[in-house]
Structures are given as C-alpha cells and as structure tokens.
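Below: one structure, written as structure tokens.
Taken together, the values in this text are just the output of simple stated rules run on the coordinates, not laboratory data. Since the structure is predicted, the reported quantities are computational estimates derived from the model, not experimental observations. Cβ sites come from the backbone with ideal geometry, for glycine too, and all protein chains shown count toward neighbours.
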Amino acid sequence: MKQYIVDAFTEKIFGGNPAAVCVVEKFPPEELMLNIARENNLSETAFVVKEKNFYRLRWFTPAVEIDFCGHATLASAFVILTQVEKNLPAVEFETLSGRFTVERKGKLFEMNFPAYEPKKIAVTAAMSAAVNAKVLEAYLARDLLLVLDSAEAVENLTPDLDKLAKLDGLIQAVTAADENFDCVSRVFAPKIKIAEDPVTGSTHCLIAPYWSERLGKKKILARQASARGGILHCEVAGERVKISGSAVLVAVADLKI
C-alpha cells in the first residue's frame, strides 16, 4: 500500500498540518484503516480510491472515522494532482459529506466546501472556564466557535481540555481579529483525541462565514496560530466556502500490509 505524508496549508516542511494519504485500489476493512491511522498517530489519515472520473475519500483520526476534514482533503488533492495524475487540473472527491472539487491554482489548491451557518448561542461560564479567557460571543454548527477579544488572547490560550470536551460541538475553536490578517484562530478536538489541530480547513467553513459577515467582505485571509502554524485563503460564496492553501510532500512509503 502506497502512503504519502504531506504537510498541508504551508510552503515548508514541518509547518502546517501533516496528513497521511493512502492510495488504494479498494478500501481496506475499517479496523485496518483505523489501525493505520493509529500507527501514523497524525490528526488524520486519508484513504483514496479511484473511480472512473473521481476519487472516493475517507478520513480517519487515531480514534474514529470522521465525516469532514479540510487539511487531509488538501493533502489528498496534492497527492493526486502532483504524484498520481499530474496532468489533471482538478480532482473531484466523493465523501461522507458529499462531493468536493479541488482545483490547482498555481501554488495553491482551492477546495470548494459547503459553508457552516454561524448560529449564535448564549455565552456560558463553562465556555470561559474551558478556555481560561473571556468569551465575547459563541456560535455553533458542527463545531463550536468562541470569539475572544484579541489575537494575543488566542495565541496565549491555555485551555482545559477536559472542560472543552464537555462543551457543545465536535471541535472547539477560538478566534479573534488579527493585525496582519483578517482573523486568527486555534482549534481543539479533545472529543476525537486531538489536543490541538495545527491547521483546520473544515472549521474554517464556520470561521470564514463569521468573519465575512462581521467584516463585510467575501475574501478572508486566516491565520491559525498553532505551534506549526498555517495560512488559509478563504472566499465565502453564498452557501459555499472556497478554501485554498499550499502543501509540501514530506515522505513516501510502502506499507507492508
């Protein structure tokens, strides 16, 4: 089984968010895919299977299969368009969350995803206690988005992961305005055994619409302030969000399976 390790949302190795991409003729048994994800111990391992004119794509964390992952979609598209079918200008994926198209745009790979609608909910004491910071606003879709008062508050955050896991949302994100970008964020996913996700494409399907409405602009340049860090170019188009980023190949391996 051929496996690629790709750093997504970065132009340099050891930046962005790493993902493993396994290109297979058919999906292995789910337990095997989960074991491979556990062995890799990355936030996501993707499995892609070629059909006639598209690819089927599935994502696994070390704990579970998930229904949507942005950075591993970017990594999968990077592998297909630069390593497997180099002449293709775009690739289409069939996933648990529907069909996604990824186009190559120079050094960037542009993904077209459904947008999450930011639904405002009441700020609670539990939210502030979980992130050890003052929460100004809260929004819930698949994920929970907490708005803080400054980029410094986001960057210096020391959350309580046990308390975060008790909040609503599959993933919990914090965000604020940023001096050199439209916004900054950090993303935590203790419910699926990921303490902090380095760069999260899927959650920007919530973050980008929030900042688009707040700032009155369609294009949002987002920075994720994890230790590895990453940049996401977002464009809100009605019920869709285009998220673009770079990627670099780290390693290629043959799994003895």
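Charge tally for F14 (other residues, Cβ to Cβ under 15 Å; Lys, Arg +1; Asp, Glu -1): 0. Counting neighbouring beta carbons within 10 Å and listing from fewest to most, the residues S76, S97, S43 come out as S97, S43, S76. A simple spin-label model places the labels of E117 and K50 4.1 nm from each other, with each point 7 Å out along Cα-to-Cβ. Restricting the trypsin sites (Lys or Arg not before Pro) of the stretch 69-151 to loop positions (DSSP other than H, G, I, E, B) with no more than 14 neighbouring Cβ atoms within 10 Å leaves K86, K107, K134.
Each of L144, L88 was scored by other Cβ atoms within 10 Å of its Cβ. Arranged with the fewest first, they read L88, L144. Here is the list for the stretch 1-93: chymotrypsin sites (Phe, Trp or Tyr not before Pro) lying in DSSP coil, each with at most 10 other C-beta atoms within 10 angstrom of its C-beta, are F14. Relative to its residue count, the stretch 119-238 spans a Cα convex hull of 93 Å³ per residue. Compared with the direct C-alpha span, the chain from V250 to N41 gains 73.7 nm at full extension, assuming 0.36 nm per residue. The Cβ shell under 12 Å around E25 holds other residues with a net charge of +3, Lys and Arg each +1, Asp and Glu each -1.
For A90, put the label point 7 Å out on the Cα→Cβ axis and report which residues of the stretch 61-77 keep their amide N under 18 Å from it. Within reach of a label on A90, which here means backbone N under 18 Å from a point 7 Å along Cα→Cβ, the stretch 61-77 contributes 73-77.
The value of relative contact order for the chain, using C-alpha pairs under 8 Å at least six residues apart, is 22 percent.
On the principal axes of its alpha-carbon atoms, the chain has extents of 49, 36, 30 Å, going from largest to smallest.
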